[in-house]
Amino acid sequence: MRPERNEEEVGAVPLPCFGNATTIDLNLGFLRLALPSSGAFARLAELGLKRVRFQGPLKLGDVVSSPRSPCLRILSVCDSFGVDSLTVHSKSLLRMELSSLNGLQELTIDAPALKELQLLYCFDQIQPVVDIAAPQLVSLYWNDACHRISVQLGNLGQLQLLSTNYILVYGPQCTRRHNHEIQWLLQRFQAIHSLDIMLFYGSVVSSHILAVVQLRGVYLGFMMLG
């Protein structure tokens, strides 16, 4: 008699190790995905995974790092579950997008050639553990938790564009913690070419806030509550 399989083992889509594929783009509609336990994506340059439930003991970071994906240049993982910890060591990666990775708690990126990083709405907890080493990073899109104690950004001296979370202009005392996180992130850079940030405020607009729009290289979006 065959042993019964539990619910987690039923319906998983195995990801074959396509040795000659250069691009893989999957939207699984929240089906479970089982990562390959061996083999290399020898020619893979672009990998896009959307609406995936990752299953099994294998870590996504092991698959996309240089030993198994030596040519990977673009990585995008969006609207997915099952990645609580992600560690990527890649010599070839140029662009990385992580968006709505529900449950992500720890993120480590060691990518000396990385030019663009997008980190959007991934962390559920207030103090995610983040360690990023990307000395060639030019564009950083960070719309997520950013605690000064648990986030290590390394040397980002080449950064030219920073797009970050909104600032709460008016609100209760609890908004101070949020604003302090953004302030700490901004203070990490002594000079930057372009800054994209949103001011979230009530119905009162001061002349000082309007004057900020005139700063060169700063792009502000305004969100007004009626």
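The values are calculated or read from the model by the stated rules, or taken from the named source; none is laboratory data. Source: prediction; values computed, not measured. Positions of Cβ are generated from backbone atoms using ideal geometry, with glycine treated the same way; all protein chains shown enter the neighbour counts. What goes into the accessible areas is simple: the full protein's heavy atoms, side chains included, and nothing from ligands, DNA or RNA. Shrake-Rupley method; radii C 1.70, N 1.55, O 1.52, S 1.80 Å.
Worth a mention:
- Of all residues in region 93-131, those satisfying the criterion of being open to solvent by less than 20 Å² (accessible area, probe 1.4 Å), in contact (Cβ under 8 Å) with a residue 24 or more places away in the chain and either under 11 Å from the mean Cα position of the chain (by Cα) or on the phi > 0 side of the Ramachandran plot (or both) are Leu98, Leu101, Leu104, Leu107, Ile109, Leu117, Leu119, Cys122, Val130.
- Filter pass, Phe81 being crowded, with 16+ Cβ neighbours inside 10 Å and touching a residue at least 40 places away in the same chain (Cβ under 8 Å): yes
- Residue pairs meeting the criteria (Cβ under 8 Å; at least 6 apart or on separate chains; first within 11 Å of Phe189 (Cβ to Cβ), in region 139-168; second open to solvent by 20 Å² or more (accessible area, probe 1.4 Å) and charged (D, E, K, R)): Leu140/Glu116; Leu153/Arg188; Leu156/Arg188; Leu161/Asp196; Leu162/Asp196; Thr164/Asp196
- Subset of region 48-81 (residues that are of a type in the set (Lys, Arg) and more than 19 Å from Cys17 (Cβ to Cβ)): Lys50, Arg51, Arg53
- Verdict on Leu162 being at pLDDT 90 or above and surrounded by 17 or more Cβ atoms within 10 Å (Cβ to Cβ): yes
Table: residues versus (1) open to solvent by less than 30 Å² (accessible area, probe 1.4 Å); (2) of a type in the set (A, V, I, L, M); (3) in a loop (DSSP other than H, G, I, E, B).
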site: Asn20; (1), (2), (3): no, no, yes
site: Ser38; (1), (2), (3): no, no, yes
site: Arg43; (1), (2), (3): no, no, yes
site: Gly48; (1), (2), (3): yes, no, no
site: Arg51; (1), (2), (3): no, no, no
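- Criterion (in contact with a helix residue (DSSP H, G or I) (Cβ under 6 Å, 6 or more places away or on another chain) and either farther than 21 Å from Gln183 by Cα or not in a helix (DSSP H, G or I) (or both)) met by exactly one of Val63, Val83, Val77, Val130: Val83
- Counted residues, region 124-142 - those being modelled with pLDDT of 90 or more and of a type in the set (S, T, N, Q): 2
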